[in-house]
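The values are calculated or read from the model by the stated rules, or taken from the named source; none is laboratory data. Not measured: the values here are computed from a predicted model. Cβ: placed from backbone, ideal geometry, glycine included. Neighbour counts: every protein chain shown.
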């Protein structure tokens, strides 16, 4: 789902970028192991995405933890199928038609900053296609579908409005000389060229692909030289911007006694998901009067935005009035929580009324807000596209919490002070299901005392005694340094003592500081532990259940690390180490933490220990 609230240029590389591909000989890190992943590579054509490859080979640039580790060349079969070897969790950048010249050891950020210039054949830049994909760090799906889209725009010429028009020559001024292959709208800041194409004999009619251009956020000017009914004419027009994967049709009209040239834009392939508003100016707007909008749902018809409350709607009808029917191109962003019905078409008061039903499932606890986009098009007008955005509000109880031991605790370990960056339940799982079926996604991060940024050694190892050169908050009290979302904080020694009385044995039953009886037990999650860097361990967690209320708080044995270390293994499954907010009574450089030190045994005695502030431990936030 799409969360609507909220993942160098080296001078020697800035010049000729097409001398060769990245080296395949980068040595993998010792602790990583390549695995084979199945890909289905699909190329865009005029009718949408089709399996028939337009390019025989696809170069894949592989990055793990932001570092390049080589290329691989794929030759997709007739069905687009192929296999690539990569590290779990890698990000892959695929390109066909061009090569990027880069050096071993280049970072992902540097790679994305390399511009390409292509070759200029018959007044056009080389056509190329790109895509990117992030491989799962855990279990692999049977195959990843990769959709390749064009990195250039196309200009067509159309003079069919008047057969007296003849075009001899077209000049495109201020065309970009270079582009970033994976720039997604980021424009190379300098370098323009002029492109020119001549017709002999002079052209009349309609032709495709007169020019292919790199994208530009600055105007591109076009000059046409020709004749009208034998009289020489010069026409000038401009494209305010050029977007990749778009077709711009340059049409010439006889307006009264003069000629006029103008551009109309449309997606290159009909199957494309059109994210922007229509270039033709033909809006497809919600008709509130003919729509059925349930109580609690708000509609901004001017922006085509429908806001649905967190409890969802069982039935809602969106209607559109116009001179032609409306089709649904695609629905983007739903995992099944939003259902969009078929379009029905009726006629009323001389208008064509298109409508479809929408239902939205209620949000569960601990769910972020998200958006679903319903992409529309006018069934009779080429290039007339629009979309409706359905925004579903976040859960009223956005964070899972548990009241136990005299306080309200977050149900998962913290990751940062950003509310959207916390651990949330995956689709189809509750809190208990997360710990039992997706343990690695529950452990949060490790933190140094008094500091904000988490440390995740099992995802990508870069030892440091102070990530980001942070200033410590000693003791841990300031919200600016506290890795807890708004409304929560680091627990005090007394609060952790109440929840986990030191000297208590687990498994067992004990009395919390507020007099509540709690039963503690040790469990092992389902499946095999998988991390991007192949860190091993047992997926242990401790379950604390209140005998009075039945409320359950779960603590994963996420381990910990003492100071900067030479290993990326935090001792998964052997212990849980939780910071308190205090260091009263500790010598310099130490603070208090609570420990569940199983160390590979089936029992443990809860302990309070003085821990080096440079060490890394978990944080379980408590409500203020």
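Every residue in the range 167-212 that is surrounded by 19 or more Cβ atoms within 10 Å (Cβ to Cβ) and part of a strand (DSSP E or B), please.
167, 170, 172, 175, 176, 179, 195, 203, 210, 211, 212
Would you point out which residue out of 458, 476 is in the same structural domain as residue 602 (by TED's automatic domain parsing) and under 24 Å from residue 568 (Cα atoms)?
458
Considering the range 420-446 alone, what residues qualify as being touching a helix residue (DSSP H, G or I) at 6+ places or on another chain (Cβ under 6 Å) and closer than 20 Å to residue 576 by Cα?
Once the filter is applied, which keeps residues that are touching a helix residue (DSSP H, G or I) at 6+ places or on another chain (Cβ under 6 Å) and closer than 20 Å to residue 576 by Cα, the range 420-446 yields only 442.
Restricting to the range 507-525, what's the tally of residues that are within 41 Å of the chain's Cα centre (by Cα) and farther than 16 Å from residue 555 by Cα?
So the answer is 0.
Check the range 168-187 and report whether any residue there is more than 30 Å from residue 231 (Cα to Cα), assigned by TED's automatic domain parsing to the domain that holds residue 68, at pLDDT 85 or above and touching a helix residue (DSSP H, G or I) at 6+ places or on another chain (Cβ under 6 Å).
The answer is no; no qualifying residue exists.
Mind telling me which of the residues 483, 501 ends up being assigned by TED's automatic domain parsing to the domain that holds residue 419, within 16 Å of residue 594 (Cα to Cα) and not in a helix (DSSP H, G or I)?
One residue alone meets the criteria, 501.
Residues are listed down the side, and each one gets a yes or a no for (1) in contact with a helix residue (DSSP H, G or I) (Cβ under 6 Å, 6 or more places away or on another chain); (2) buried (at least 19 other Cβ atoms within 10 Å of the Cβ); (3) farther than 23 Å from residue 560 by Cβ:
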position	(1), (2), (3)
418	no, no, no
449	no, yes, no
466	no, no, no
480	no, no, yes
490	no, yes, no
502	no, no, no
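Let me confirm something: among 239, 235, 259, which residue is assigned by TED's automatic domain parsing to the domain that holds residue 173, within 30 Å of residue 43 (Cα to Cα) and at pLDDT below 85?
After applying the criteria, what remains is 239.
Need a quick list: strands (runs of 3 or more DSSP E) entirely within the range 1-98 having at least 1 residues that are surrounded by 15 or more Cβ atoms within 10 Å (Cβ to Cβ) and at pLDDT 80 or above.
Per the criteria, 35-45, 58-64, 67-74, 81-86, 91-96.
Quick one: how many residues across the range 599-616 are crowded, with 21+ Cβ neighbours inside 10 Å and under 19 Å from residue 543 (Cα atoms)?
Qualifying residue count for the region: 2.
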